[in-house]
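The values are calculated or read from the model by the stated rules, or taken from the named source; none is laboratory data. Owing to the predicted nature of the structure, the values given are computational and were not obtained by experimental measurement. Cβ placement follows ideal geometry from the backbone for every residue including glycine, while neighbour counts extend to all protein chains displayed. For accessibility, only protein heavy atoms count, side chains too; no ligands or nucleic acids. Shrake-Rupley method; radii C 1.70, N 1.55, O 1.52, S 1.80 Å.
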Amino acid sequence: MSVKPVGLTAQSAAALRLAQSAHGVLRIFLRNVEKNYTLQIDQVESIVSEACLQHAKHLDTHDINQVTIDASKLACWLGGSLIEKLEGDNDHQCEVIIDALLKTLRGFLIAESKWFLLMPASAMRLLKSFLMAERRNNPKHGIWMNGLYAAFHCPLVAWKEGKAYKIPL
Amino acid sequence: MVSGCQKGTSCARYGLVSSSLQPPPTMTFDRFNQIWTTLVADRPVLPKAGGKSLPPLDNGVSEDTVNALVAASNGDFAFFDEIDAKLAAYDAKK
């Protein structure tokens, strides 16, 4: 079976910019984590590899054309990969990472909507409770990284769609 | 297993000072780009069986956010620092 490369052999300016923006997502997430948490560089290597693998599978599975970086999705993969490396019963470490991830996603939502969409603290608490329920093997009351991504992605695209609809009126 | 943030170690929750002597675990762009290019940008894509019935979904962020992310990649977090500062002030009032 033939395979078709997605990228270019020599990295184009657009591909370089995409990679730089993806690296920016990593740096922002780590910056939010490291205020309360110490990570080693080998752990960062591991979560980046896992997150990139999952990100590529996400694009392929859902037939997504990556125009620019989907910052929230990549952040979710990074956070999910880090949480999966925790010991099963270490809820506190999990909470610290979830807090950092939620802060990262909240910032991206604000950046993209120019402050029109501000996830309230109460919704952040609810999302964290969903994530912790999933973590504690209570999936009927939980969500994981796709659910978390959807919680931030769908309001944003709906807002953009509504804004585009209203402009011609 | 991930280290740190346990009882008795540096952690804001347990009231201990986070270790400011530890260098931040920043992966260089060159290293990130190697991983990204191998696993995402240059990944082989198998042709889909049966053809596509719908166009692919487009996604991504605006050019403004891309600019801010590229700046963050280069160590300039000013854009997100401003958001964090405003959010902290907003949350404190709630």
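Here are a few things to note about the model shown:
- Scanning the stretch A:136-150 for residues that are assigned to a helix (DSSP H, G or I) and without any contact (Cβ under 8 Å) to a residue 40 or more places away in the chain, we see that the one that is nearest to A:Ser81 (Cα to Cα) is A:Gly147.
- Considering the stretch A:130-168, and only residues there that are over 29 Å from B:Val66 (Cβ atoms) and exposed (fewer than 14 other Cβ atoms within 10 Å of the Cβ), the residue that is modelled with the lowest pLDDT turns out to be A:Asn137.
- A:His92 vs. criteria under 13 Å from the mean Cα position of the chain (by Cα), part of a helix (DSSP H, G or I) and either surrounded by 18 or more Cβ atoms within 10 Å (Cβ to Cβ) or not β-branched (Val, Ile, Thr) (or both): no
- Scan of the stretch A:72-89 for residues that are open to solvent by less than 20 Å² (accessible area, probe 1.4 Å) and without any contact (Cβ under 8 Å) to a residue 40 or more places away in the chain, ordered by number: A:Ser81, A:Leu86
- Options A:Ile47, A:Ile69, A:Ile28, A:Ile41; residue that is over 25 Å from B:Pro44 (Cα atoms) and buried (at least 22 other Cβ atoms within 10 Å of the Cβ): A:Ile28
- Within the stretch B:20-42, the set of residues being in a loop (DSSP other than H, G, I, E, B) and either modelled with pLDDT of 95 or more or open to solvent by 30 Å² or more (accessible area, probe 1.4 Å) (or both) comprises B:Ser20, B:Leu21, B:Gln22, B:Pro23, B:Pro24, B:Thr26, B:Thr28, B:Asp42.
- Filtering the stretch A:61-89 to residues that are among the β-branched types (Val, Ile, Thr), assigned to a helix (DSSP H, G or I) and either in contact with a helix residue (DSSP H, G or I) (Cβ under 9 Å, 6 or more places away or on another chain) or at the interface with chain B (Cβ under 8 Å from one of its Cβ atoms) (or both) leaves only A:Ile83.
- Condition check for B:Val61: surrounded by 16 or more Cβ atoms within 10 Å (Cβ to Cβ) and not basic (Lys, Arg): yes
- Of all residues in the stretch A:38-60, those that are facing another protein chain (nearest Cβ under 7 Å) and assigned to a helix (DSSP H, G or I) have Cβ atoms under 6 Å from Cβ atoms of residues that are open to solvent by 20 Å² or more (accessible area, probe 1.4 Å) and not charged (D, E, K, R), 6 or more apart or on another chain, in A:Cys52/B:Leu39; A:Leu53/B:Leu39; A:His55/A:Trp77; A:Ala56/B:Leu39.
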